[in-house]
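Accompanying notes for the structure given below.
The values are calculated or read from the model by the stated rules, or taken from the named source; none is laboratory data. All figures in this text were calculated on a predicted structure; none of them were measured in a lab. Quick reminder, even Gly has a Cβ in these numbers, built from the backbone with ideal geometry, and neighbours come from all protein chains shown. Just the protein is used for accessible areas: all its heavy atoms, side chains included, with ligands, DNA and RNA removed. Shrake-Rupley method; radii C 1.70, N 1.55, O 1.52, S 1.80 Å.
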Amino acid sequence: MSKELPAPVPRLTVITLGVADIRASIAFYDALGFSRRLKATGEAVAFYDTGGPVLALYPWDLLAADARLPDNPRPSTFRGVTLAWNCASREEVDAVLAFALGKGAKLLKAAHETDYGGYSGYFSDPDDHPWEVVVAPGIEVGEDRRVHLAK
């Protein structure tokens with residue numbers, strides 16, 4: 001008789017971004033203030049503590065090869081994924097956007113009132129990965145830097 005295995009516990013642990021220039025991307029994410037861990041990996045891969053899932057940076061072509069996907073053509077349009085930096089207030093959204101732009105980010109969309117009662121804007125990193133900076137009803141960020149969702 002075969003024994004049915006229990007379902008695994010679902011979890012999102014790492015978000016890996018393919019990057020064109022690992023040095024430039026490391027410098028950008030260091031400048032944003034994310035805490036780099038496992039520095040012994042050098043420039044092969046960079047891991048950042050985000051207070052939740054780990055953010056990893058890995059050369060684009062190697063990441064594509066690892067997933068058995070073509071690395072060209074690289075999309076110059078929206079890839080269907082955004083990263084988010086949730087904030088506690090509208091003022092914090094404005095401050096984070098200004099900070100990111102001061103560190104070399106590109107402004108994609110200025111902060112604005114959303115149709116769901118929030119406030120958000122967008123910037124992109126050196127590889128055009130879009131980041132939403134947002135304060136939204138029902139989503140809070142605790143002192144532990146973790147996101148807490150309303151029930």
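Tabulated results
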quantity	calculated
Scan of region 28-39 for residues that are surrounded by 14 or more Cβ atoms within 10 Å (Cβ to Cβ) and among the aliphatic types (A, V, I, L, M), ordered by number	ALA31, LEU32
Near pairs, Cβ below 9 angstrom, 6+ apart or cross-chain, from region 46-70 (in contact (Cβ under 8 Å) with a residue 40 or more places away in the chain) to any residue that is basic (Lys, Arg) and surrounded by fewer than 14 Cβ atoms within 10 Å (Cβ to Cβ)	THR50/ARG145; GLY51/ARG145; GLY51/ARG146; GLY52/ARG145; GLY52/ARG146; PRO53/ARG11; VAL54/ARG37
Within region 131-141, tally of residues that are touching a residue at least 24 places away in the same chain (Cβ under 8 Å) and either open to solvent by 20 Å² or more (accessible area, probe 1.4 Å) or over 14 Å from the mean Cα position of the chain (by Cα) (or both)	6
Near pairs, Cβ below 7 angstrom, 6+ apart or cross-chain, from region 83-94 (within 14 Å of THR114 (Cα to Cα)) to any residue that is open to solvent by less than 40 Å² (accessible area, probe 1.4 Å) and assigned to a loop (DSSP other than H, G, I, E, B)	VAL93/CYS87
Subset of region 91-122 (residues that are surrounded by 16 or more Cβ atoms within 10 Å (Cβ to Cβ) and among the β-branched types (Val, Ile, Thr))	VAL93, VAL96
Members of region 47-86 found to be among the small types (Gly, Ala, Ser), open to solvent by 50 Å² or more (accessible area, probe 1.4 Å) and either closer than 28 Å to VAL134 by Cα or assigned to a helix (DSSP H, G or I) (or both), listed by number	ALA65, SER76, GLY80, ALA84
Residue within region 56-74 that is modelled with pLDDT of 90 or more and closer than 22 Å to ALA136 by Cα present	no
Where GLY104 falls short, out of the listed (1) out of contact with any helix residue (DSSP H, G or I) (no Cβ under 9 Å at 6 or more places or on another chain); (2) part of a loop (DSSP other than H, G, I, E, B)	(1)
Set ASP125, ASP144: member being exposed (fewer than 12 other Cβ atoms within 10 Å of the Cβ) and either more than 23 Å from PHE28 (Cα to Cα) or touching a residue at least 60 places away in the same chain (Cβ under 8 Å) (or both)	ASP144
Region 15-40 residues that are farther than 16 Å from PRO53 by Cβ, paired with ones that are open to solvent by 60 Å² or more (accessible area, probe 1.4 Å) and among the acidic types (Asp, Glu) (beta carbon under 6 Å, 6 or more apart)	ILE22/GLU43
